[in-house]
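A short write-up of the structure that comes next.
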Amino acid sequence: MTEFAARERLVKICGVTSVGDALMVRDAGADALGVIFAPSARRVDEVLAHEIVDASDGIVHVGVFRDDETAFVVAMADASGVDVVQVHGPLDETLLKELRRRRLGVIKALSVGTEEFFEFDETRVDAILIDGIEPGSGREHSWDALRERHFDVPVIAAGGLKPDNVIDVIESVRPWGVDVATGVESAPGVKDPARVTKFVQMAASAWGRGGKT
């Protein structure tokens, strides 16, 4: 288990696109921030990602990828200095070996109810992120499939989360972590300090009431 997965819990703010937002997210009490290298309104290049990572010590930095070749993932991870790689799409042994050789944490994203959701061997990675059918859309989705599928590694809940519903999600799903992007923004890629702070506080409140297993 990598250091990040040994944490008691994880609040991740994804889609950070500026140093200023990174510092705000860290100071609001989040445990991790995500920089997106996949096609998205929140996509950053390796230069900006490195600036964000370099400026915001004291928080876990996650690089987010989707259906990318091993060479690209490795190059972006090396150039940016992220601590963890989050993979949407195939995770083959070559990529996993390269990430492990660099001692990077690995999160595998799965969409609820898909064939991969039920068949992926989660013991190969440090954590599983559960999202909807359209990752990154910010849309809420059903968590019913989690009642049929047990995971032996930490689970991060994602998809449609926001300050007003994160307590309900934590108390019903009992995840190790929560992940949000759209739900704490004032515009795509622009984080709203009040929403970020409230999200972190609401998550902490839910776990404090026993929402975490």
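The values are calculated or read from the model by the stated rules, or taken from the named source; none is laboratory data. The structure displayed is predicted, hence computed values, not measured ones. In this analysis, Cβ positions are derived from the backbone assuming ideal geometry, glycine residues included, and neighbour counts consider all displayed protein chains.
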Q | Counted residues, region 60-104 - those being in a helix (DSSP H, G or I), polar (S, T, N, Q) and within 27 Å of Val25 (Cα to Cα) | A | 1
**Q.** Cross-chain or 6+ apart pairs with Cβ under 8 Å, region 34-53 first and among the acidic types (Asp, Glu), then part of a helix (DSSP H, G or I)
**A.** Glu46/Ala75; Glu46/Met76; Glu46/Ala79; Glu46/Ser80; Glu51/Val19
Q | Answer residue from region 115-163, given it is farther than 25 Å from Arg42 by Cβ, among the basic types (Lys, Arg) and surrounded by fewer than 16 Cβ atoms within 10 Å (Cβ to Cβ) and is modelled with the lowest pLDDT among those | A | Arg147
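Given the options Gly34, Gly89, Gly81, Gly63, name the one that is at pLDDT 95 or above and surrounded by fewer than 20 Cβ atoms within 10 Å (Cβ to Cβ). Give the derivation first.
On the way: Gly34 fails: surrounded by fewer than 20 Cβ atoms within 10 Å (Cβ to Cβ); Gly89 fails: at pLDDT 95 or above; Gly63 fails: surrounded by fewer than 20 Cβ atoms within 10 Å (Cβ to Cβ).
Unique residue meeting the criteria: Gly81.
Looking only at region 48-60, filter to residues that are in contact with a strand residue (DSSP E or B) (Cβ under 9 Å, 6 or more places away or on another chain) and closer than 17 Å to Ala79 by Cβ; which one of those is surrounded by the fewest Cβ atoms within 10 Å (Cβ to Cβ)?
Narrowing region 48-60 to residues in contact with a strand residue (DSSP E or B) (Cβ under 9 Å, 6 or more places away or on another chain): 48-49, 52-53, 56, 59-60.
When the remaining residues are screened for being closer than 17 Å to Ala79 by Cβ, the result is 48-49, 52-53, 56.
On the way: Leu48: 16, Ala49: 24, Ile52: 25, Val53: 21, Ser56: 20.
Among those that are in contact with a strand residue (DSSP E or B) (Cβ under 9 Å, 6 or more places away or on another chain) and closer than 17 Å to Ala79 by Cβ, it is Leu48.
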Q | Counted residues, region 34-47 - those being more than 11 Å from Ala79 (Cβ to Cβ) and of a type outside the set (Ser, Thr, Tyr) | A | 9
(Q) Just checking, does region 164-177 include any residue being at pLDDT below 95, crowded, with 20+ Cβ neighbours inside 10 Å and part of a loop (DSSP other than H, G, I, E, B)? (A) yes
